[in-house]
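Comments concern the structure below.
Values in this text are rule-based calculations from the coordinates and carry no lab data. Only a predicted model underlies this, so the values are computations on that prediction, with no experimental measurement involved. Backbone-built Cβ (ideal geometry, glycine too); neighbour counts: all protein chains shown.
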Amino acid sequence: MKKSRLLTVAAICLLGVSIFTGCTKESMVLSEKIEDGKWLVDLNTDKALYNPGDKVAFTLELKENKENAKLGVVYKHLNQTIEEEEIKIKENEISWEWTPPKDDFKGYMVEVFLQDGEKPLDHANIAVDVSSEWTKFPRYGYLADFYEIDQAEQEKVVDRLNRFHINGIQFYDWQYKHEKPLKTENGQLSESWPDIANREVYRNTIEGYIDLAHEKNMKVMNYNLLFGAYENAEKEGVKKEWGLFKDPFHEEQDMHPLPDNWASDIYLYDPSNPGWQEFLLEKEMEVFEKLEFDGWHVDQLGDRGTLWNYDGEKADLVSSYITFLEKAKSELDVPLVMNAVSQFGQIQIAAKAPVEFLYSELWDSHSTYQHLKDVIDQNSSLSKGKLNTVLAAYMNYDLSNSKGEFNPPGVLMTNAVIFASGGSHLELGENMLSKEYFPHKNLKIPENLDRALVRYYDFLTAYQNILRDQVKDSDIEIGGQNISPEPKQGSIWGFAKEKEGKTVVHFINFTDAVSMAWRDTDGTQHEPGEQENIEVEIYSDREVEHAWLASPDYYNGSAIDLDFKQKNGKVTVTLPSLKYWDMVVLEYKK
């Protein structure tokens, strides 16, 4: 059953919407409430990302035509109104355009209000990202099914990812073989080929998805390992002397075992070997010549222990990654992203590799909510604040061994921590990820979770400039009843960030948590009870000019002003509501 967010006239006035004419003294005490989503549905933009100067095309559907009603639209950057307009309603399908300011790398919240005279009827929001490069604020998704899919179904998948503002898509296990990604016949790309799991891949499906993604201004990434090949890869021109071995006498080549009914196990090769580099990069060059991929998602397999090359020398795997990536950048000249499995090699990748952002696949060594923030903070520090982070963090892992549904509280709590910490989450594709093998999809996304995720990705996008844009950790003390400086069951976790004259304080609600393990592997995390009127204290000697709050769980993410008191270095504000995550921003006088 849908849980509604109720708005009063007073609440809309609190949002600072001047086009809503009902903001009178009398209206502020009205008790009449409205239900979000009663009238306004399917609010969309035409792209996931916009270049400076681009027009944004919006579409909106009314469940039924409402005579004499009007539509007010407010365009905001953070809590500041940029522009307002009124849209005439002529039919159930409404469309309009807006040209954002030409500033690069900015996020906006677009607030839409339906009103009948002075009576509010409904409220819906959507975010807009104006960025010339998607890798500045990566919102990474995936595709993993490339069987024969008709265009209508492909459009449905891409349209859904567009609503989450996914601006980059990893094409997972699309290739024929790791050492030979393309299957060709007479120099032409084949119509189809089996992938490593012996699933049929169709060229037309790959090309169709690439075209559809590009229409939405999404970038597409070609997935492949940097050091893997099938058994008997010598038939494709691979030499055993390029291999990585478990002994110094090249008797046992390192390999990653896969199920018996798959095409092959994966045998590993030395990324620093010039012969292997030349061989694989030539194959990757062919990929970019025949398919319109935008970049390479480079995978690894984590810490392999002590390995040797063919000559009996110990292999320095991490250093070889950097050597390979530098060569790949020089030869291919495409954007690169590399997986750091359990942070293996991330220190060197962040400092030395020519990658566009940092990608961390997290496992048991990073199992708690605190670990999520620690990894994002570490990556920011390692890259000196230059590179943002995407976490591959698979939810409800054991629950997905059987058919069922994702557990919404587990997913939302993890996303709250990742987004508040300044990262994003690789999770959305044709379905949602629960395993490292992306085509696995035993769990369905329940409708209430899907709606909530739309709000969360709107929030991540609209407020990217204070979530992920050169934001630094802060040691400001946060107090109040049941406020903890670390994530603990039964408490509210409060932590702060700093950004250009602002303190950004995040509150994560663990009061009803049954576990502090982010994976929620069995799907048992509890939904937190919504708390109201929580007084919190933020210790700061700087003079505060303005305080405001926004939350993906409150008023669709719209920013609201907060009253505050400041005395003796302590700023006191009241959170009107806390479900999973609230964000409070203090702006200081210059």
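Listing for the model above:
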{"read-out": "Computed P(r) (all Cα pairs; region 434-545; 5 Å bins; percent)", "value": "2, 9, 14, 17, 20, 18, 11, 5, 3, 1, 0"}
{"read-out": "Distant-in-sequence amide H partners of THR368 (H built 1.01 Å from N, under 5 Å)", "value": "TRP518"}
{"read-out": "Among GLN531, ALA513, THR503 the positive-end extreme of the charge dipole of region 472-588 (Cβ point charges)", "value": "THR503"}
{"read-out": "Footprinting exposure proxy for TYR267, TYR580 (fewest neighbouring C-beta atoms within 10 Å first)", "value": "TYR267, TYR580"}
{"read-out": "Under-5 Å amide H pairs with LYS219, H placed in peptide plane, nonlocal only", "value": "GLY168, ILE169"}
{"read-out": "Net lengthening on full extension, LYS352/LYS38 (0.36 nm per residue, minus Cα-Cα)", "value": "107.8 nm"}
{"read-out": "Per-residue Cβ neighbour rank within 10 angstrom, fewest leading, MET432, MET413", "value": "MET432, MET413"}
{"read-out": "Cα-centred dipole magnitude for region 472-588, charges only on beta-carbon of K, R (+1) and D, E (-1), debye, nearest 20", "value": "180 debye"}
{"read-out": "Cleavage-rule hits (GluC sites (Glu not before Pro)) in region 518-590: DSSP loop, at most 16 neighbouring Cβ within 10 angstrom", "value": "GLU530, GLU543"}
{"read-out": "Principal axis dimensions, the chain - Cα atoms, whole angstrom, descending", "value": "84, 56, 46"}
{"read-out": "Region 51-122: GluC sites (Glu not before Pro) falling in loop per DSSP and having at most 11 other Cβ within 10 Å", "value": "GLU64, GLU67, GLU91"}
{"read-out": "Quotient of C-alpha Rg and 2.2 N^0.38 Å, computed over region 318-443", "value": "1.12"}
{"read-out": "Helical contribution to [θ] at 222 nm, DSSP H n ≥ 4, -39,500 (n - 2.57), averaged over the chain, rounded to 500", "value": "-6500 deg cm²/dmol"}
{"read-out": "Candidates per trypsin sites (Lys or Arg not before Pro) in region 347-424, loop by DSSP, up to 12 other Cβ within 10 Å", "value": "LYS384, LYS386, LYS403"}
{"read-out": "Per-residue Cβ neighbour rank within 10 angstrom, fewest leading, TRP262, TRP174", "value": "TRP262, TRP174"}
{"read-out": "Above-threshold pairs, the threshold being 31 Å between Cα atoms, out of LYS76/LYS386; LYS119/LYS570; LYS239/LYS352", "value": "LYS119/LYS570"}
{"read-out": "Between helix 151-163 and the chain: long-axis angle, C-alpha atoms, 0 to 90°, nearest 10", "value": "60 degrees"}
